[in-house]
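Undergrad: This is the structure I have questions about; it appears just below.
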Amino acid sequence: MPKRALLSVSNKAGLPAFARGLQRLGFELYATGGTLRTLEEASIDARPVSDLTGLPEMLDGRVKTLHPGVHAGLLARRDLPEHLRQLEQQGLSTIDLVCVNLYPFEETAASPGISLGEVLEQIDIGGPAMIRSAAKNHADVVVVVRPERYTDVLNALQAGGIGTAMRRQLAAEAFAHTAAYDAHIAAWLHGLQGEEGRRFPPELTVAGSLARPLRYGENPHQLAAFYRLGPDPGGLGSARQLQGGDLSYNNIQDAAAALALVAEFDPPGAVIVKHTNPCGAAVGDDLADAYRKAYECDPRSAFGGVVAFNRELDVPTAEAVVGVFTEVVVAPSVHPEAATMLQRRQKLRVLEAGPVRAPGLQVRSVPGGLLVQSWDERGFDRRACRVVSKRQPTPEEWSQLEFAWVVVKHVKSNAIVLARDLAAVGVGAGQMSRVEAAQLAVQRAGDRARGAVMASDAFFPFPDAVEVGLAAGVTAIIHPGGSIRDSESVAAADAVGAAMVVTGERHFRH
């Protein structure tokens, strides 16, 4: 009995070579419309899928493989004589290999100006059905969904056949392929509902494609990989690496933290991150000025850090960067001359990353489940702020308070940030006690605390942290408010003539 292969692919990369390899191994080839044309143009003999179904393609190609002539041939178990007898009675044949990849739904949905109807036409029906049928019966049918697998499959067939382990791996990849496809469709349909679509669905699916395996996770004994969400998700998912060694798990986490903060700034901005916490953040007249101010926040912690910019990395800024040992630099683009200058640090990883987007939901795994929330996209809203002190902030203090409030949102709680001249001068991050976070921030600021403003990501449960800042010379404080002892913190500010603002909104970051 001849072996039969059914080919139906949207991604035609490598298809002619794969088809020729199958022919040399004795396979009869069957193909659907566009795939058949590609094979014919490459002078490869193949028969239309209608030879298996006895019916032409229908409904503008919507129906072409949904037929027992295809699915009976895929699902029949070769170890059950009754299955083979039924095929013979109906004049049907077994299919031994299926090569299918699906319509480009993600790419179409992401295209600007695309109509609803055009996106709906990219929802593949027959393709997933064939993949699932073949994958279910993988003991008898080889299923291939990725062009990267063509060579592996041909080599295995040439060597005498595909063993159980590889068949199971191919089947697992096939089910993952269809699951991810359906997940993207579900997410798109939820997105069409606007605010209603932001509500949590009864079933949550998260789909990503492998962008790169990583050497290890947070520690060398942990395995790790980076997955891209969608064809052009922005941020690190769309980043292009210009130089340097492979990115590590920790590099990516730190770069993500730096990008998220620097994207909040409108003027030229720079952020330095260490262990996912900002140890420097500033805006300036130009990028070099912003980087200098960010670096001066905590030069010791900046050593070996990750730096992100919100403008094209220019030559003066690159010259400053190469003077400091840095793990990763991220910017929207890098000027060619600046790129040449950065090559002095050959191990420095340099990334060009597109705009940061936060679509859908933020997902974090915990043992036994997933924690899901909307992204924290709130910025500074002066209209929602309330001055609770006797003294109003000066216009200059308002500017510094806004900057400090944006930065403290990105610091691990308990978080305190001191800022002056639109730059962080002291950061206290991730402490179990808020007063200790204040003490750390003041210690790092040193003399720069005098005349600075202070931001806290949550209310002050006691006035002690406020008193630490005031004793160091802080002139204005911003925090969410809401403690039953807020009056004590206000009294501490009033006692020294400092201004205090409450936002009514906290920014815990765990």
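Undergrad: Quickly run through segment 438-463 and pick out the residues that are farther than 20 Å from Thr503 by Cα and without any contact (Cβ under 8 Å) to a residue 60 or more places away in the chain.
TA: Gln439, Leu440, Ala441, Val442, Gln443, Ala445, Gly446, Asp447, Arg448, Ala449, Arg450, Gly451
Undergrad: Now, a different point. Within segment 418-437, can you find the residues that are in contact (Cβ under 8 Å) with a residue 60 or more places away in the chain and crowded, with 24+ Cβ neighbours inside 10 Å?
TA: Ala423, Ala424, Val425, Gly426, Val427, Ala429
Undergrad: Among Ala471, Ala452, which is the only one that is modelled with pLDDT of 95 or more, over 15 Å from Pro393 (Cβ atoms) and either not assigned by TED's automatic domain parsing to the domain that holds Ala281 or not charged (D, E, K, R) (or both)?
TA: Result: Ala471 is the single residue among Ala471, Ala452 that is modelled with pLDDT of 95 or more, over 15 Å from Pro393 (Cβ atoms) and either not assigned by TED's automatic domain parsing to the domain that holds Ala281 or not charged (D, E, K, R) (or both).
Undergrad: Also, I was wondering about something else. Given the options Val98, Val144, Val153, name the one that is crowded, with 17+ Cβ neighbours inside 10 Å and in contact with a Cys (Cβ under 6 Å, 6 or more places away or on another chain).
TA: Exactly one of Val98, Val144, Val153 is crowded, with 17+ Cβ neighbours inside 10 Å and in contact with a Cys (Cβ under 6 Å, 6 or more places away or on another chain), namely Val144.
Undergrad: Another question, if that's okay. Looking only at segment 344-370, count how many residues are surrounded by fewer than 11 Cβ atoms within 10 Å (Cβ to Cβ) and either in contact (Cβ under 8 Å) with a residue 24 or more places away in the chain or not in a loop (DSSP other than H, G, I, E, B) (or both).
TA: Summing the residues that are surrounded by fewer than 11 Cβ atoms within 10 Å (Cβ to Cβ) and either in contact (Cβ under 8 Å) with a residue 24 or more places away in the chain or not in a loop (DSSP other than H, G, I, E, B) (or both) in segment 344-370 gives 6.
Undergrad: From Ala135, Ala165, which residue is more than 23 Å from Glu57 (Cα to Cα) and surrounded by fewer than 16 Cβ atoms within 10 Å (Cβ to Cβ)?
TA: Exactly one residue qualifies, and that residue is Ala165.
Undergrad: Looking only at residues that are closer than 18 Å to Leu97 by Cβ and small (Gly, Ala, Ser) in segment 51-87, which one is modelled with the lowest pLDDT?
TA: Gly69
Undergrad: Within the bounds of segment 239-258, is there any residue that is farther than 23 Å from Pro355 by Cβ, surrounded by 17 or more Cβ atoms within 10 Å (Cβ to Cβ) and among the hydroxyl-bearing types (Ser, Thr, Tyr)?
TA: Yes, segment 239-258 has at least one match.
Undergrad: Could you list, ordered by first residue, the pairs with Cβ atoms under 8 Å in which the first is in segment 232-255 and within 14 Å of Val273 (Cβ to Cβ) and the second is among the acidic types (Asp, Glu) and surrounded by fewer than 19 Cβ atoms within 10 Å (Cβ to Cβ), at least 6 apart or interchain?
TA: Filtered contacts from segment 232-255: Asn250/Glu218.
Undergrad: Turning to a different aspect of this structure: All but one of (1) under 25 Å from Ser399 (Cα atoms); (2) part of a helix (DSSP H, G or I) hold for Arg311; state the number of the condition that does not hold.
TA: So the condition that Arg311 fails would be (2).
The values are calculated or read from the model by the stated rules, or taken from the named source; none is laboratory data. Every value quoted in this text rests on a predicted model; they were computed, and no experiment measured them. No Cβ is skipped: glycine too gets one built from the backbone with ideal geometry, and neighbour counts run over all protein chains shown.
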